[in-house]
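Peer 1: To start, I am sharing the structure in question, which I have written as structure tokens.
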Amino acid sequence: MASKEDKPIHLTKRQREVLKLMIAGYTNPHIAETLSISLSTVKAHVSAIIREFGVKTRIDVTREAMKRGYLD
């Protein structure tokens with residue numbers, strides 16, 4: 001059975017931008033303001049990112065992304 005680390009992560013350019021801000025500790029409203037997008041759009045991106053990483057929380061996303069060297 002494949003582990004989480006074996007599953008390739010496919011994010012859009014905007015999702016990668018949101019992920020970078022999530023890892024930096026930005027809140028959803030701050031991400032929305034920074035990227036000039038709506039709060040509901042940020043929430044949709046965050047949900048998609050969480051699903052793509054196969055985890056349950058944004059903290060887990062941060063942990064997985066850093067473990068995988070995703071933002072190096």
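Peer 1: Identify the residue in segment 48-72 that is of a type in the set (Lys, Arg) and under 14 Å from residue 15 (Cβ atoms) and, among all such residues, is surrounded by the most Cβ atoms within 10 Å (Cβ to Cβ).
Peer 2: My answer is 58.
Peer 1: Given 31, 9, 49, which one is within 25 Å of residue 69 (Cβ to Cβ) and at pLDDT below 95?
Peer 2: 9
Peer 1: For a quick check of your reading of the model, give me the residue pairs whose first member lies in segment 52-63 and is closer than 15 Å to residue 18 by Cβ, whose second is not in a helix (DSSP H, G or I), with beta-carbon atoms closer than 8 Å and at least 6 apart or on different chains.
Peer 2: The qualifying pairs are 52/9; 52/10; 52/11; 53/9; 61/55.
Peer 1: For segment 10-46, name all the residues that are polar (S, T, N, Q) and under 8 Å from the mean Cα position of the chain (by Cα). If you could, list the steps in order and put the result at the bottom.
Peer 2: Initially, segment 10-46 is screened for residues polar (S, T, N, Q), giving 12, 15, 27-28, 34, 36, 38, 40-41.
The one that is polar (S, T, N, Q) and under 8 Å from the mean Cα position of the chain (by Cα): 15.
Peer 1: If a residue counts only when it is of a type in the set (Gly, Ala, Ser), which helices (runs of 4 or more DSSP H) contained entirely in segment 1-67 have at least 2 such residues?
Peer 2: Numbers: elements: 13-23, 28-35, 39-53, 58-67.
Counting at least 2 such residues, we get 39-53.
Peer 1: Residue pairs, Cβ under 7 Å, 6 or more apart or interchain, first in segment 21-48 and closer than 19 Å to residue 63 by Cβ and polar (S, T, N, Q), second assigned to a helix (DSSP H, G or I) and at pLDDT 95 or above. List them.
Peer 2: 28/39; 28/42; 28/43; 28/46
Peer 1: Also, I was wondering about something else. Of all residues in segment 34-47 being surrounded by fewer than 17 Cβ atoms within 10 Å (Cβ to Cβ), of a type outside the set (A, V, I, L, M, F, W, C) and in contact with a helix residue (DSSP H, G or I) (Cβ under 9 Å, 6 or more places away or on another chain), which is nearest to residue 7 (Cα to Cα)?
Peer 2: It comes out as 43.
The values are calculated or read from the model by the stated rules, or taken from the named source; none is laboratory data. Treat the numbers as computed from the prediction; the structure is a model and nothing was measured. Because the Cβ atoms are built from the backbone with ideal geometry, glycine has one as well, and the counts that use them run over all protein chains shown.
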